[in-house]
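As structure tokens, the structure follows; a few thoughts come after it.
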Amino acid sequence: MGESVAASRAGDRTHDRPSHLATVVVNWNTVDLLDDCLASIEAATPTGWRNDVVVVDNASSDGSVEHLRARWPGVRVIANADNVGFCRANNQAIETTDAPLLLLVNTDARLAPDGIAALARHLEADDRVGVAGPRLVYGDGSWQRWTAGRLPRLSSMATYLCGLDRVAPTRFGRSGLYLGDDVGEAFRPEWVSSAVMLLRRDAIDEVGAFDDAIFVYMDDVDLCQRLGAGGWHVVYAADTTATHFMGASTKKVTGRASPEALRSLNRWYVRHHGRAAGHRLRALEAVGFGTRAGVLAAASLVGRPGARARLSATTTHLRLALEGIDA
């Protein structure tokens, strides 16, 4: 496995007192984000709850492990000798706790003070809710549409690529790959973001935790797909908001998704639907991103603000849509 475990307590499933909740944070070279992340978790832990906070460090070279041990002695640290990826790191931590609730928080996410309690209420209200995720916003408070959505299929991808979810959010806002409208009430999408998600242990024990074969991205879609197939409900808890700077745990520029996200989506789609379906998806992506690129190119010529930057990102996605898929 190429990994080692170092913790402030033994990394087994035996604790002096049972935990109400286990919170897992996966870290890779984001020492500058850890303090605010852990402080928000501490502040959001309901009074009287024992929260077993575990940080899994994926071989950071920025002093993260040393910082955690010095500044956060109550946090368990699992220090890996290699970067084992997001899914395996989460699974490592999940295996070390018997807590009935599992909270996942990215290092670039911040919980609201009532965030944990608000998410837990959805699981308490319906014993078939397997996972709940909050409404997410960027650091400037603007809504983040990448919070939840429908599973990748040709119809949801077409809705997203053609912009129907944004042009006609009342009709298509919940039928695209990502949310098209900022709703105020909780509902059941097909997946919620693992940037912040609260999981029911019983559901994970039944369908399995994260897929170790996924290094990063599509981890949440894959897990929620299995939960849904197993009869568990996925809830978008719009009544609570968390801040997600988006991408800071995998790169240093926030607010713009990594190109690897599209590669991971295409790879996942082929694994689940076959190569012929994958070719159809890529053709749809090429048309969608190609059309967007043309519109943005025209907009940049007339000096529309932000068009040039969006054109660059869209061109990258168009190139990725034409790549071969290594499933």
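The values are calculated or read from the model by the stated rules, or taken from the named source; none is laboratory data. The structure displayed is predicted, hence computed values, not measured ones. Note: ideal-geometry Cβ built from the backbone for every residue, glycine included; neighbour counts use all protein chains shown. Heads up: the accessible areas ignore ligands, DNA and RNA and are worked out on the full protein's heavy atoms, side chains in. Shrake-Rupley method; radii C 1.70, N 1.55, O 1.52, S 1.80 Å.
A few points about this structure:
- Excluding ligands, DNA and RNA, the accessible surface per residue across the chain is 43 Å² with a 1.4 Å probe.
- The magnitude of the dipole of the chain, with charges of +1 and -1 set on the Cβ of Lys/Arg and Asp/Glu and taken from the Cα centre, is near 1380 debye.
- 0 to 90° range, to nearest 10: angle between helix 275-301 axis and the chain longest Cα axis: 70 degrees
- On the basis of the beta-carbon distance and an R0 of 25 Å, Glu66 and Ala43 show a calculated FRET efficiency of 0.55.
- For Phe172, the solvent-accessible surface with a 1.4 Å probe is about 50 Å², rounded to the nearest 10.
- In Å², nearest 10: area of Ile204 left accessible to a 1.4 Å probe: 10 Å²
- Using just its DSSP H runs of length 4 or more, each adding -39500 (n - 2.57), the chain gives a mean residue ellipticity at 222 nm of -12000 deg cm²/dmol after division by all residues.
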